[in-house]
1. Got a number for residues in the stretch 334-348 being surrounded by fewer than 18 Cβ atoms within 10 Å (Cβ to Cβ) and over 11 Å from PHE310 (Cβ atoms)?
2. Just a yes or no: is a residue in the stretch 403-412 hydrophobic (A, V, I, L, M, F, W, C), at pLDDT below 95 and not in a helix (DSSP H, G or I)?
3. For the stretch 162-176, check the following and say yes or no: at least one residue is among the hydroxyl-bearing types (Ser, Thr, Tyr), surrounded by fewer than 24 Cβ atoms within 10 Å (Cβ to Cβ) and under 27 Å from VAL354 (Cα atoms).
4. Name the one entry in SER146, SER165, SER192 that is of a type in the set (Ser, Thr, Tyr) and under 24 Å from GLY474 (Cα atoms).
5. Give the residue, chosen from GLY107, GLY78, GLY94, GLY112, that is buried (at least 24 other Cβ atoms within 10 Å of the Cβ) and more than 15 Å from the chain's Cα centre (by Cα).
6. May I ask you to verify whether ARG102 is at pLDDT 95 or above, surrounded by fewer than 24 Cβ atoms within 10 Å (Cβ to Cβ), of a type in the set (D, E, K, R) and within 14 Å of LEU72 (Cα to Cα)?
7. Kindly indicate the residue of the stretch 246-271 that is hydrophobic (A, V, I, L, M, F, W, C) and surrounded by fewer than 17 Cβ atoms within 10 Å (Cβ to Cβ) and also farthest from GLN423 (Cα to Cα) among those meeting that condition.
8. Please work out which residue is surrounded by the fewest Cβ atoms within 10 Å (Cβ to Cβ), limiting yourself to the stretch 349-384 and to residues that are of a type in the set (A, V, I, L, M) and outside any strand (DSSP E or B).
Amino acid sequence: MDFLEYRSHDATGLAKLVADGDVTADELLTLARERAAAVNPKINAIVRDVPAPAGGNRGGPFAGVPFLIKDLAQDYAGLPTASGSRSLMSRPAGEHATVVQRWLDAGLVIFGKTNTPEFGAKGITEPQAYGPARNPWDLTRSPGGSSGGSAAAVAAGITPCAGASDGGGSIRIPAACCGLVGLKPGRGLTPSGPASGEAMHGAAVQGVVTRTVRDSAAMLDVISGGEPYGPFVPALPEASFASCVGTDPGTLRIGVRVPSAITPQPHREAFAAVEATTRLLTDLGHEVTELAEAPYDDAVLARDFLLTWFVTLAWEVAEAKRLTGAGDDQFETDTLVMAALGRATSSVDYVDAVQRRHEHTRRLTRFFESYDLLLTPTLATPPPRIGEFDMPAVMQRAADVLLKTRTARLLRHTGIVDDMVDQNLGWVPYTQLANITGRPAISLPLHWTADGLPLGVQFVAPLAGEALLLRLAGQLEQAAPWAHRTAAL
């Protein structure tokens, strides 16, 4: 097997070749490593090697298939989980994360960990610890984040799928930037343990980025289900998720919304992505309706999301300091500023933001009384350029002074939170809804810009809507295939 043949198969296809004896796990791992050696210096997707055993695991539905895990919330025993931070680069994990163990049990051959922003706190992947990951479709642009390294690796053909996680869009954003499928499962369906019971009050979930819908479905079958130390046992469908792909979704009522309170005028390519998808859906017999307003208060939701994120990040920094003894010099200025804002948030304000999630959920639930799915762009703009969101030098110096004098909490009295809403969420205002409400959502690569850049569309479903999303995604993939598209590297 050569690289072109390797790249022509998804993970499900490669697993069948191994099972049929047409190729060995060692051959596949060699091809994956050779591809990584050729392209990783360009895209900086893989930041740590994992010593994969010769021959791989012969058992499981994905026996022998090369795989990468995210260097955030996906612990591999004996290796550090740096989370994109210099503070954690030398502290090895004591045990495998449950999701990592499930991938190993499925036979996947894990040989590397992928780049992520510090603590996954941004929608781009440009950590100072490892340097920026780059988009294989255009090396001057970001692959998104926080699973940007995983998405870049898959788009570059190193592996057909890779581990990812999503606390505010971190599966769907990089999938949209890199022309991939990104399914965010609903709250609690995939495990967070054993180190964490329920990350970010259940907003953060585990998953993958893939090139095909069937891989996303089969991977969800592999990792779904509760764990003994988890907060609850999730309900699982009677049939496998993989069996949903290729099944007729029926005629669906789909509401469409492109403008948002955060981004009233999205890029024309965001409109083009939804318009093309709407035409495709209509041709397939679905009922698509443009919504006059968003079915939730997206401006309030954005501020609630960032407030809870800042508080979570304050805890992340404090925990890293406690575990390693790291000082402020081991963290990025942006991270310290966000953590300072988190510490300056009162407990009442924090609980107030968490409690408001229920109102966002109720409003979305009322929308689903009339519609089966919500359709939006995944991105409001094409993938941003590397460095586009760097903190200006003047603000960097001011922030350093405030941090050194321990007066950074005063920033909450300025317009910095509004600036962070505009900067961090302005190009991705659509994805946080599914995390805050715990609903499943998927990004599909149904549009490429005039410049040849991917820009995905997102479908949000009601509770337990993963099967519906997969049925529709399979139908759209068949009608407008995308897996043959490859980035020229």
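1. Qualifying residue count for the region: 3.
2. Taking the stretch 403-412 as the starting set, the residues that turn out to be hydrophobic (A, V, I, L, M, F, W, C) are 403, 408, 410-411.
Still in the running and at pLDDT below 95: 403, 408, 410-411.
Cutting the leftovers down to not in a helix (DSSP H, G or I) gives us none.
Scanning the stretch 403-412 turns up no residue that is hydrophobic (A, V, I, L, M, F, W, C), at pLDDT below 95 and not in a helix (DSSP H, G or I).
3. We begin by selecting, within the stretch 162-176, every residue among the hydroxyl-bearing types (Ser, Thr, Tyr); these are 165, 170.
Now narrow it down to the ones that are surrounded by fewer than 24 Cβ atoms within 10 Å (Cβ to Cβ): none.
Scanning the stretch 162-176, I find no residue that is among the hydroxyl-bearing types (Ser, Thr, Tyr), surrounded by fewer than 24 Cβ atoms within 10 Å (Cβ to Cβ) and under 27 Å from VAL354 (Cα atoms), so the answer is no.
4. Details: SER146 fails: under 24 Å from GLY474 (Cα atoms); SER192 fails: under 24 Å from GLY474 (Cα atoms).
On inspection, the qualifying residue turns out to be SER165.
5. Details: GLY107 fails: buried (at least 24 other Cβ atoms within 10 Å of the Cβ); GLY78 fails: buried (at least 24 other Cβ atoms within 10 Å of the Cβ); GLY94 fails: buried (at least 24 other Cβ atoms within 10 Å of the Cβ).
Of GLY107, GLY78, GLY94, GLY112, the one residue that is buried (at least 24 other Cβ atoms within 10 Å of the Cβ) and more than 15 Å from the chain's Cα centre (by Cα) is GLY112.
6. Details: at pLDDT 95 or above: yes; surrounded by fewer than 24 Cβ atoms within 10 Å (Cβ to Cβ): yes; of a type in the set (D, E, K, R): yes; within 14 Å of LEU72 (Cα to Cα): no.
Answer is no for this residue.
7. Looking only at the stretch 246-271, we keep the residues that are hydrophobic (A, V, I, L, M, F, W, C), and these are 252, 254, 256, 258, 261-262, 270-271.
Subsequent filtering for residues that are surrounded by fewer than 17 Cβ atoms within 10 Å (Cβ to Cβ) retains 261, 271.
Numbers: ALA261: 14, PHE271: 20 Å.
Per the criteria, the residue is PHE271.
8. If we filter the stretch 349-384 for residues that are of a type in the set (A, V, I, L, M), which is where we start, we get 351, 353-354, 364, 373-375, 379-380.
If we keep only those that are outside any strand (DSSP E or B) as well, we get 351, 353-354, 364, 379-380.
Numbers: VAL351: 11, ALA353: 21, VAL354: 17, LEU364: 22, LEU379: 34, ALA380: 25.
Checking each candidate, the answer is VAL351.
The values are calculated or read from the model by the stated rules, or taken from the named source; none is laboratory data. These figures come from a predicted structure and were not determined experimentally. Neighbour counts are summed over all protein chains in view; Cβ atoms, including those assigned to glycine, are modelled from backbone coordinates with ideal geometry.
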